[in-house]
Amino acid sequence: MRKTALFLLSRRTFSSDSEIPSLYSFLQPSIFALKRTTQPQESNLPNSLKNPTSNSVSEPQKFNLEATLQQSLLSNNTDEAWKSFKSLTNCSSFPSKPLTNSLITHLSSLPDTHNLKRAFASVVFVLEKNPSLLEYESVKTLLDSMKKANTGAPAFALVKSMFKNRFFMPFEMWGCFLIDICRKNGSFSAFLSVFHECCRIAFGEKVDFMKPDLVACNAALECYCREVESVVDAEKVFDKMSVLGVRPDNTSFGLLAYLYAVKGLNDKVIELEGLIGRLGISDKRDFIHNVICGYVKSGDFESVSAAILRGLKEGEGQGFSIETCIEVVKGFVQNGNYKSLANLIIESQKLEPSSVLAERSFGYGVITACVNLNLLDKAHSILDEMNAQGALIGLGVYVPILKAYCKEQRTSEAAQLVTEICSLGLRLDVGNYEALIESSMSCQDFQSAFSLFRDMREVRINELKGSYLTIMTGLTEHHRPELMAAFLDEVVEDPRIEIGTHDWNSIIHAFCKAGRLEDARRTFRRMIFLNFEPNEQTYLSLINGYVTVEKYFSVLMLWNEVKRRISAEGDKKFKLDNCLVDAFLYALVKGGFFDAVMQVVEKSQEMRIFVDKWRYKQAFMEKHKKLKVSKLRKRNFRKMESLIAFKNWAGLSS
């Protein structure tokens, strides 16, 4: 009833002439021509528009056309459905209300622009001829599709046609689509006329549901404050909000504050700040951000500094957003005001509590903004200016530069800066050190990694294990066992690292793999000297290394040591395992030390370790095929006995 009554209200013209050129471009090829000409194109208009007195369709014909339209929609035959609709309208007739809205919804839901044009043309035509046929949801669906297609001019033309033809929908059903289109295109200027017309209808004609909401009011404010920069018009929007009963929010006040700051109306800025305090808005960060942006836009850097310091004094400045800091940096740096910006950071440090996290300090935000804007050299200029003034520089100023060095793998410079930071009595957290060390290792800047680790130890950081493992793993991957040994020797007595036998094994294995057996042997001796007990893996690495270069006598020496350990310790600490037995047997057979071979066999039998004899038969045949017992009998009776024992054990013929 409410909608029907509204259709009967006297019409008021709402011109959309300014939209026609854009619409014409949108509608090519024409569906229903909207081209501004003195004579419409006959071929593109329904007969009902070309000849208002054309014959009406008969009831049977209308029934058949509607049936065809309905069946075409059910079968998704869009072209046939459109043809049936045009046939009906050409005869000054319309499908039933459900069919009309089904067609519009169907055309709007299709992903191509051509059918979106059809949907638009259909709705505009029905608005002109019989708006009572339209349902809100159909128009809402069309506007939603227009938003997704980013077709601004047709969307605004459709809404203005709705106004012209007194088809009023609740603002909440369609306003958001126009606002989203404007936001996507970076300007709300096209929305202003719609906003003011909605206000007129809501006020003047008492159509309450046409009242713009807070989002719409803020969109109009954004246009007047940031695009037009008109104080009078912006304040009129606030007046309208008061009449509408729409309560301003942080965004509303922030936009007006921005405009006042741009225009240099400092008294109004202060007055507005007091007002939001009285209204109970406790979080002023958005307000301060807008004020700062306004002052930056006007080039009033003294007011920028004053606003920031005032925010810090009132406890609102902690955690200035990166967006705010970026605006500050753009303003100061583009004008070459490094000294002023350095002074501002120095003054901010005086107002920030000593307990403030580095990442929440204003200095951190400014330097991070420089880094984000690819102005790392400018960040250095600010730092140099602060040093030149003899200021105590907070950790927050250094951290973003370190992170930038880390990202760019400028690890040598990072290590130098860390040393400088430590000399000032400042302390980085573990995360910063670990990131820098990881970056150093990834670009093979090992000396910087060592320097950073020394700094960690000197400032008494307890969590050293992670960085220690990063360095050792990196050195292993890059095949630098000599650096591993030197590094381990440097930190071996530090109780925070908890070095174990496996650390020494990594170095020994790396030396053996590189064929540097003398270095492996020295590491082995150093390990024992420092009271780290070799385990099965230690001996296995050494055996494999010696076998590679055929140093079988060295394997014999290892066996003698292992044998002493087994005899002294029993089963308590050290045990032979299958892999170690296999390695010893293979190497000792190859070396011809059959007495030691049989000792290993005896121990393996005592410990019930399975031995695959075939492997050692093969080793014997490869190395000692021509060795005869008769020859040994004359020279070395004991070796002869060991050889016979081995051959009997292995199943080799005498």
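Given the DSSP H assignment, sum -39500 (n - 2.57) over each helix run of at least 4 residues in the chain and divide by its residue total; what's the result at 222 nm in deg cm²/dmol, nearest 500? List each step's numbers first, then the result.
Values: 36 runs with 456 residues, N = 654.
Helices in the chain give a 222 nm mean residue ellipticity of -22000 deg cm²/dmol.
Among the GluC sites (Glu not before Pro) in the range 314-388, which ones are in a DSSP loop with at most 13 other Cβ atoms within 10 Å of the Cβ? Mind listing them? Write out the running numbers ahead of the final one.
Numbers: sites: GLU314, GLU316, GLU323, GLU327, GLU347, GLU359, GLU385; in loops: GLU314, GLU316.
Those satisfying the criteria are GLU314.
When the chain is fully extended, how far beyond the present Cα-Cα distance does ASN578 get from VAL215, taking 0.36 nm per residue of separation? Walk me through the numbers on the way to the answer.
Numbers: separation 363, 0.36 × 363 = 130.68 nm, distance 7.63 nm.
Length gained, ASN578 through VAL215: 123.0 nm.
Compute the relative contact order of the chain as a whole-number percentage, counting only Cα pairs closer than 8 Å that sit 6 or more residues apart in sequence.
Relative contact order, the chain: 5 percent.
Using only the alpha-carbon atoms of the range 404-479, report the extent along each of the three principal axes, biggest first, to the nearest angstrom.
For the range 404-479, the Cα extents along the three principal axes come out at 36, 26, 17 Å.
Taking 0.36 nm per intervening residue step and subtracting the Cα-Cα distance, what contour gain separates ARG516 from GLU229 on full extension?
On the way: separation 287, 0.36 × 287 = 103.32 nm, distance 7.62 nm.
Result for the pair: 95.7 nm of gain on full extension.
Scale the Cα Rg of the range 291-447 by the rule-of-thumb value 2.2 N^0.38 Å and send over the ratio, two decimals. Mind dumping the intermediate values first?
Numbers: Rg = 15.6 Å, N = 157, 2.2 N^0.38 = 15.0 Å.
The value comes to 1.04.
Name the GluC sites (Glu not before Pro) in the range 222-281 that are in a loop by DSSP and that have at most 16 other C-beta atoms within 10 Å, would you? Show your work: numbers first, answer last.
Details: sites: GLU222, GLU227, GLU229, GLU235, GLU271, GLU273; in loops: GLU229.
For GluC sites (Glu not before Pro) across the range 222-281 that sit outside H, G, I, E and B with at most 16 neighbouring Cβ atoms in 10 Å, the list reads GLU229.
Counting C-alpha atoms alone, how compact is the range 79-126: give Rg to one decimal and Dmax as a whole number, in angstrom.
Using the Cα atoms of the range 79-126, the pair Rg, Dmax is 10.0, 30 Å.
Could you run the Karplus curve 6.51 cos²θ - 1.76 cosθ + 1.60 with θ = phi - 60° over the range 78-86 and give me ³J(HN,Hα) per residue in whole Hz, x for Gly and Pro?
5, 4, 5, 5, 4, 4, 5, 5, 5
Could you tell me the largest-minus-smallest coordinate of the C-alpha atoms of the range 180-322 on each of the three principal axes, in descending order and whole angstroms?
Over the range 180-322, Cα extents along the principal axes are 49, 31, 25 Å.
So how much slack lies between ALA67 and SER442, counting 0.36 nm per residue of separation and subtracting their Cα-Cα distance, in nm? Write out the running numbers ahead of the final one.
Numbers: separation 375, 0.36 × 375 = 135.00 nm, distance 7.23 nm.
Result for the pair: 127.8 nm of gain on full extension.
How long are the three semi-axes of the equivalent ellipsoid for the range 85-207, computed from the Cα gyration tensor as the root of 5 times each eigenvalue, in whole Å, largest first? Please report the intermediate quantities before stating the final value.
Numbers: eigenvalues 117, 67, 24 Å².
After scaling each eigenvalue by five and taking roots: 24, 18, 11 Å.
How far apart, in nm, are the 7 Å Cα→Cβ label points at SER109 and GLU205?
3.1 nm
Under a point spin-label approximation (7 Å from Cα along Cα-to-Cβ), what is the HIS479-ALA149 distance to one decimal in nm?
It is 6.4 nm.
Over all distinct Cα pairs, what is the inverse of the mean 1/r for the range 298-377, reported as the Kirkwood hydrodynamic radius in Å?
On the way: mean 1/r = 0.0797 Å⁻¹.
For the range 298-377, inverting the mean 1/r across all distinct Cα pairs yields 12.5 Å.
At most 12 other Cβ atoms within 10 Å and a DSSP loop assignment: could you name the trypsin sites (Lys or Arg not before Pro) in the range 56-110 that fit?
In loop regions of the range 56-110 (DSSP not H, G, I, E or B), there are no sparsely surrounded trypsin sites (Lys or Arg not before Pro).
Three principal axis extents, largest first, for the C-alpha atoms of the range 386-442, in Å?
36, 19, 16
Work out, in µm²/s and without decimals, the Stokes-Einstein translational diffusion coefficient of the range 148-209 at 25 °C, 0.890 mPa s, Rh from Kirkwood over C-alpha pairs. Numbers along the way, then the final one.
Values: Rh = 12.0 Å.
Rounded, D is 204 µm²/s.
Can you list, largest first and rounded to whole Å, the semi-axes you get for the range 465-514 by taking the square root of 5 times each eigenvalue of its Cα gyration tensor? List each step's numbers first, then the result.
Working: eigenvalues 61, 25, 16 Å².
Rounded to whole Å, the semi-axes are 18, 11, 9.
Taking 1 over the mean of 1/r across every pair of different Cα atoms in the chain, what Kirkwood radius in Å do you get?
Working: mean 1/r = 0.0296 Å⁻¹.
One decimal place: 33.7 Å for the Kirkwood radius.
What distance in nm separates the simple spin-label points at ARG278 and LYS184, each placed 7 Å from Cα in the Cβ direction?
In this crude spin-label approximation the distance works out to 4.3 nm.
Could you order the peptides 170-176, 489-495 from most to least packed, using the average number of other C-beta atoms within 10 Å per residue? Before the final figure, lay out each step's value.
Values: 170-176: 17.9, 489-495: 12.6.
Final packing ranking: 170-176, 489-495.
For the chain, which whole-number percentage of the solvent-accessible area (1.4 Å probe, protein heavy atoms only) is attributable to carbon and sulfur atoms? Intermediate results must be reported in sequence, preceding the final value.
Details: 15600 of 31540 Å².
The computed percentage sits at 49.
If you average 1/r across every pair of different Cα atoms in the range 444-601 and take the reciprocal, what Kirkwood value do you get, in Å? Mind dumping the intermediate values first?
Working: mean 1/r = 0.0593 Å⁻¹.
One over the average 1/r among Cα pairs gives 16.9 Å for the range 444-601.
Residue by residue through the range 489-501, which ³J(HN,Hα) values in whole Hz follow from phi under the Karplus form 6.51 cos²θ - 1.76 cosθ + 1.60 (θ = phi - 60°), with glycine and proline marked x?
In residue order, the calculated couplings are 5, 6, 10, 4, 8, 7, x, 6, 9, 6, 6, x, 4 Hz.
From the phi angles alone, apply the Karplus equation (6.51, -1.76, 1.60; θ = phi - 60°) to the range 260-270 and give each ³J(HN,Hα) in whole Hz, x where the residue is Gly or Pro.
4, 5, 4, 7, x, 8, 4, 4, 5, 4, 5
Past the 21 Å Cα-Cα mark, which pairs from LYS563/LYS590; LYS297/LYS407; LYS117/LYS140?
In this structure, LYS297/LYS407 lie more than 21 Å apart at Cα.
For the range 60-146, what is the accessible area per residue in Å², given a 1.4 Å probe and the full set of protein chains?
Working: 3610 Å² over 87 residues.
Ligands and nucleic acids excluded, the figure is 42 Å² per residue.
The values are calculated or read from the model by the stated rules, or taken from the named source; none is laboratory data. Please read these numbers as outputs of a predicted model, since none were measured by experiment. Don't worry about glycine lacking a Cβ; one is built from the backbone with ideal geometry, like all the others, and counts go over all protein chains shown. For the accessible areas, the whole protein counts, side chains as well, though only heavy atoms, and no ligand, DNA or RNA atoms are used. Shrake-Rupley method; radii C 1.70, N 1.55, O 1.52, S 1.80 Å.
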